[in-house]
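Here is the structure we will look at, set down as structure tokens.
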Amino acid sequence: MAGLLVVSVSALQAGVQEGRDPEAVRQAYTAVASRLDQGGDLMIVANVDGLLERFMTDLVEIASATAGDDEKSEQAKQTVPKLHDFLKKSGFYAVNGVGMSSVPRADGLNVVKTFVSRDAEAAVLPLWRACVGGAPRELQSLRFMPADTEMARAGTADIKQFWALIQALVARVAPPEAAEQFAQSIAGAAAMLGTSVDQLVGSIGADSAFGIQFSRDASITIPAGAEALSVPSPSMLFAVKVKDDTIMSLVKKQVAASGMPLTESQVEGTTVYSLNLPVPVVPVQLTLAQHNGFLLVGTMAQTVTDAIKAYANRGGLLAQESYKVAFSGQPIKNNGIAYISDRFGDVIRDIQESALAMAPATGAQDQASRDLVRRLLNRQQGYSCAITMMNYKSGVRASGTTASSGQQLVASMVVAPVGMMAAIAIPSFVKARSTSQGNACINNLRQLDSAKEQWALEQMKNDGDEADVTGVCEFIKGGTIPTCPQGGVYELNAIGSDPTCNIPGHVQP
């Protein structure tokens, strides 16, 4: 979209119609717009103050007005007001504005910013603490990401607050029967694990990171029909702040009970535990370690080893020049980051193109479809991004760079419904076309079989005798062998055997 798009859901006219103060609307707009950049190819500002709360208020009235004498109606009448009160106290209604902007840069990247404006006093409420944590700080979990990490997501989300939110929801909103079932499930889990869920969750801190790595010198082969697809060997790593060894002890206990062998090794004075898992295609060594107050869980022993060394030597992803350039100028103290490297996008694109090249094209239409998909892939502007999240009293902002322009973001929103329809319609069309062509081929095989039997009867041939193509064609309308609609090749075969087509599924019933 070339130009500036500004959308204000609560325009002044709407504000006056609802009895709202126009000046307050202007201030709400400014609170969001001031956190964004103008002059690019996308800017959206929407004032959503009170929308969700008004919707729930109406729902409460509807539930009260339509409640009948049956048990379900009475339960809804009691539950909806409780849910309304819970959402309000937890901070769900605190959002009063959202916005997004995108400005292209000379290097081909785009500066993207989003801002969610909220009531300042809601910053300490459970919902917001659960999602984004508290004050910005330097994330230590990122120090564990190995140098070959191509995608990373880290943040200060507080799982204890999230667990407290779930417990409060059950206690305040759920019917007694459901609350009792929840309590029994938690008690059962505690009995099975040997520790309470509260203790388990309480041992987890608000600093975690997840990363995907692609090896630079090793690859795996993925079977793809008659061929094989070679991709860089992948691995995953999860690092989370922990206060004690509750989780590590629990895992070791469960593995010991299973009887599976657990391999131990030492890295920088830390014990690393590895367990080989029988996963096809992709090698998996479930590996755990607890180093400097962080629990590390990886899919390969080498990944966890690299993580510990990266932390100890201040190397790894944070020391890579590409990462430094991507986050240049962004605050080191934050509430989370999202990172996708250029190489990650290249690997994904290579996989897509290789899979496309391996797909069989049996006709001009199939080749045209393949060419269209290839053109769409070539139009992609890349997957790379370097985004930092900041939690302020007035709201939450995510800002950074991305390969996707504002125009592409708008196009995605416009094309998405069409794409969904195509995803539903095209497979059905292709299946219907394939079925129709298969039926036509089967009719051809029946015609060939009938002609072959007539020729054999006239020539007094026995089962096992070779069929003469020229002679059989005399009993076929047009005097020639019919053509398979999908380009298959027919074989008459010997007398007594059915004619065949080399396309899978094209077989006489």
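Taken together, the values in this text are just the output of simple stated rules run on the coordinates, not laboratory data. Computed from a predicted model, the values in this text were never measured in an experiment. Positions of Cβ are backbone-derived with ideal geometry, glycine not excepted, and every protein chain shown enters the neighbour counts.
Expressed as a whole number of Å, what is the distance separating the alpha-carbon centroids of region 35-66 and region 208-280? That distance is 43 Å.
Ignoring lysines fewer than eight residues from K77 along the same chain, the ones with Cα atoms less than 19 angstrom from its Cα are K88. Taking only alpha carbon atoms, region 78-122 gives an Rg to Rh ratio of 1.32, where Rh is the Kirkwood radius.
Pairs of Cα atoms nearer than 8 Å and 6+ residues apart set the relative contact order; for region 201-255 it is 44 percent. Which of the listed residues, L262, A179, L142, is farthest toward the dipole's positive end in region 136-269, when Lys, Arg count +1 and Asp, Glu count -1 at the beta-carbon? Value computed over the given set: A179.
Remark: C-alpha extents of region 198-267 on the principal axes read 51, 32, 27 Å, sorted largest to smallest.
Note on N276/L250: beta-carbon distance plugged into 1/(1 + (r/R0)^6) with R0 of 22 Å gives a FRET efficiency of 0.60. Around the Cα centre of region 427-501, unit charges on the Cβ atoms of Lys, Arg, Asp and Glu (plus for the first two, minus for the last two) sum to a dipole of about 580 debye. For the pair R314 and N439, the difference between a 0.36 nm per residue extended length and the Cα-Cα distance amounts to 38.5 nm. For the residue pairs K241/K393; K82/K253; K160/K253, the C-alpha atoms sit more than 31 angstrom apart in K82/K253. A full extension of the chain between E71 and E177 corresponds to an added length of 36.9 nm, given 0.36 nm per residue minus the alpha carbon distance. Annotation: lysines with alpha-carbon distance below 27 angstrom to K477 (same-chain offsets under eight excluded): K452, K461. The spread of Cα positions in region 427-501, taken along each principal axis and listed from longest to shortest, comes to 48, 24, 15 Å.
Computed 3J(HN,Hα) for region 145-152, one whole-Hz value per residue from the Karplus formula 6.51 cos²θ - 1.76 cosθ + 1.60 where θ = phi - 60°, is 5, x, 5, 8, 6, 10, 9, 9, glycine and proline marked x. Summed over all non-identical Cα pairs, the Kirkwood treatment of region 219-333 gives a radius of 16.2 Å.
Distances between placed amide hydrogens fall under 5 Å for G133 paired with D158, all partners being 5 or more residues away or on another chain.
For region 76-162, the set of trypsin sites (Lys or Arg not before Pro) satisfying both a DSSP loop assignment and a count of at most 14 other C-beta atoms within 10 Å is given as R105.
Using C-alpha pairs below 8 Å separated by at least 6 residues, the relative contact order for region 427-501 is 37 percent.
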